[in-house]
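Have a look at the structure below before the remarks.
The values are calculated or read from the model by the stated rules, or taken from the named source; none is laboratory data. Fair warning: this is a prediction, and the values are worked out from it, not measured in the lab. For neighbour counting, all protein chains shown are included, and Cβ atoms are generated from backbone atoms with ideal geometry for every residue, glycine included. Just the protein is used for accessible areas: all its heavy atoms, side chains included, with ligands, DNA and RNA removed. Shrake-Rupley method; radii C 1.70, N 1.55, O 1.52, S 1.80 Å.
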Amino acid sequence: MSFPWIRTIAATALIAVGTTACGTDSKPLSQSSPTPTTSTKAPSPTPTPTPTPTGVAHLNAAALFAKARSVVLAADSVRVRGSWVDAGEKTAMDIHLTKTGGQGTFSIDGNPMGIIVIGRTAYVQLSEKFLRAQGKAEKDSPAEIDAGVELLKGRWVKVTAKASEFQDMIDLVNRDTFVKSIFQPSGKLTKKPQKTVDGVASIGLSDGEGTLWVDSRTARPVRIELGTNGESLGFSDYDRLKAPKAPAPDRVIDGKKLGI
């Protein structure tokens, strides 16, 4: 799984700102009507039909991975949460992905920011804590930092989703680009023994770099784990989330006016 893709995006976020189904029931095999016979031999026993496997545990690794990917794309919505550490910075992410848009919050070393994506339009909100941390990193004057905070306090910056310095972050909040980028094996897939993950009976799919755990009944992704240091992404709230709405017009600033 392409977990490093997310890690790289998070690592560049500050720089960007600084620039400005269950199985089917088994059916009996059809049997022809017995022919009357006077033979004294005992009748042969009727063969027992082989039951159709339930769930997805019988699928090979490649087929199971493909099904898990398709399940996410078919869902009306899904929530993805996770955290990781890169270059000493801890990043946490909580995003809601739907068929018509997405929204998410990110925290980079404790400095939060938010993104809403609807179609080709995105809205970015930078918290005061985020702005002050970035202003300090850029060695801006206290007056410059205060002015930036006052301008953007409680407001969203409107940008074009495909022409923004925030493009990489926006891609995380777009369901199609998220799935396309994350669900890419880094090596040959192998199945791991079933175990309970986040309360769900799951099957593991390892590509040598990370492990994708999927629901053994439905193939819904449950969690992606990478290594042994606790880095992970959890999937939940399938088909339970509402599509995002654009911020109120009086709380929006056109990014073009800010050179974004």
> Any idea of the accessible area per residue across the stretch 110-190, 1.4 Å probe, to the nearest Å²?
Replying inline: 50 Å²
>> Loop-only trypsin sites (Lys or Arg not before Pro) in the stretch 185-226, please: DSSP not H, G, I, E or B, and at most 10 other Cβ atoms within 10 Å.
In response: LYS188
> Given the pairs LYS180/LYS242; LYS67/LYS99; LYS158/LYS245; LYS90/LYS153; LYS136/LYS256; LYS129/LYS257, which are separated by over 20 angstrom at their Cα positions?
Replying inline: LYS180/LYS242; LYS90/LYS153; LYS136/LYS256; LYS129/LYS257
>> I need the calculated FRET efficiency for the pair LYS195 and LYS153, taking r as the beta carbon distance and R₀ as 45 Å, to the nearest 0.05.
In response: 0.45
> What do you get when you divide the Cα radius of gyration of the stretch 122-260 by 2.2 N^0.38 Å, with N the number of residues?
Replying inline: 1.41
> Could you state the per residue volume, in Å³, of the convex hull enclosing the Cα atoms of the stretch 125-200?
Replying inline: 190 Å³
